[in-house]
1. Under a Cβ-Cβ cut-off of 15 Å, what is the net charge of the residues other than Glu11 that fall near it, where Lys and Arg count +1 and Asp and Glu count -1?
2. Hey, of (1) 92; (2) 81; (3) 64, which did the structure itself give for volume of the Cα convex hull per residue in Å³ when calculated?
3. Note the angle between two axes, namely the Cα long axis of helix 43-55 and the longest principal axis of the Cα atoms of the chain, as a number of degrees from 0 to 90, rounded to the nearest 10.
4. So what is the relative contact order of the chain, in percent, for Cα pairs below 8 Å that sit 6 or more residues apart?
5. Where the only charges are on Cβ atoms (+1 Lys, Arg; -1 Asp, Glu), what is the dipole of the chain about its Cα centre, to the nearest 20 debye?
6. Could you do me a favour and compute the accessible area per residue for the chain, 1.4 Å probe, result in Å²?
7. Compute the distance in nm between two label points, each set 7 Å from the Cα along the Cα-to-Cβ direction, one at Ser15 and one at Glu67.
8. Taking the chain as a Gaussian network, where each spring joins two C-alpha atoms under 10 Å apart, which residue of Leu14, Leu56, Leu46 fluctuates the most?
Amino acid sequence: MIRQPYEIRVEGTLSDAIAEAFLPWRAETDGRDTVIRGLIADQSELGGLLQTIDSLGLVLVEVRPSEDPT
């Protein structure tokens, strides 16, 4: 199975507790937004991650494939 790196941007800064909901993905704040980076196996896994974002009440800004494998 080939895993594709993705970057998902949400509005604002996440608390440590909320950022842990996205493990094993990495959540980093760029000052205004938080970028969640990680490897996605398929559309189902991506959908689950987007569902987590929605259930936490976060505002989704962008979803895009990434060149960065980390």
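The values are calculated or read from the model by the stated rules, or taken from the named source; none is laboratory data. Keep in mind it's a predicted model, so treat the numbers as computed, not measured. Ideal geometry is used to build each Cβ from the backbone, glycine not excepted, and the neighbour counts take in all protein chains shown. Note: accessible area is taken over every heavy atom of the protein model, side chains too, but ligands, DNA and RNA are not part of it. Shrake-Rupley method; radii C 1.70, N 1.55, O 1.52, S 1.80 Å.
1. Working: positive: Arg9, Arg32; negative: Glu7, Glu28, Asp30, Asp33, Asp54, Glu62.
Taking every Cβ under 15 Å from that of Glu11, the sum is -4.
2. Recomputing volume of the Cα convex hull per residue in Å³ here gives the entry labelled (2).
3. Once rounded, one gets 10 degrees.
4. This gives 48 percent for the chain.
5. Computed about the Cα centre, the dipole is about 80 debye.
6. 64
7. 3.7
8. Leu56
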